[in-house]
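Everything below concerns the one structure shown next.
Read-outs throughout are calculated quantities, based only on the coordinates presented, and are distinct from any laboratory measurement. What you see is a predicted model, and the numbers here were worked out from it, not measured in a lab. Backbone-built Cβ (ideal geometry, glycine too); neighbour counts: all protein chains shown.
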Amino acid sequence: MLAPEDEVRAVTEVCQRLAGVFPELSSTEIEQVVRRSHDSFTDKPIRDFVPVLVERMARQVLLAQQLEPNGRRSQRTPQMSM
């Protein structure tokens, strides 16, 4: 089982990895997307894969923001089925 402090560390590492993938975005923008993604797993009892799922969801959101027409960024968070 993933300890809470390990989950926090892993999610922080997700932010760092995504900052390397999306250098045009500020760390604040990336952290907000990651935080929203992470929050969507708050009520899930099994925590072992939360960091992986958070990274996938946040990456999808950030990619979608890049593809939005007229330079507008989407605030939508994709839903992942469990």
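Remarks
- Region 1-74: GluC sites (Glu not before Pro) in DSSP loop, at most 13 other beta carbons within 10 Å: Glu24
- Applying the Karplus relation 6.51 cos²θ - 1.76 cosθ + 1.60 with θ = phi - 60° to region 43-52 yields 3J(HN,Hα) values of 8, 7, x, 8, 9, 4, 9, 4, x, 5 Hz, where x marks Gly and Pro.
- In plain terms, the chain from Arg17 to Lys44 could stretch by 7.3 nm, reckoned as 0.36 nm per residue minus the Cα-Cα distance.
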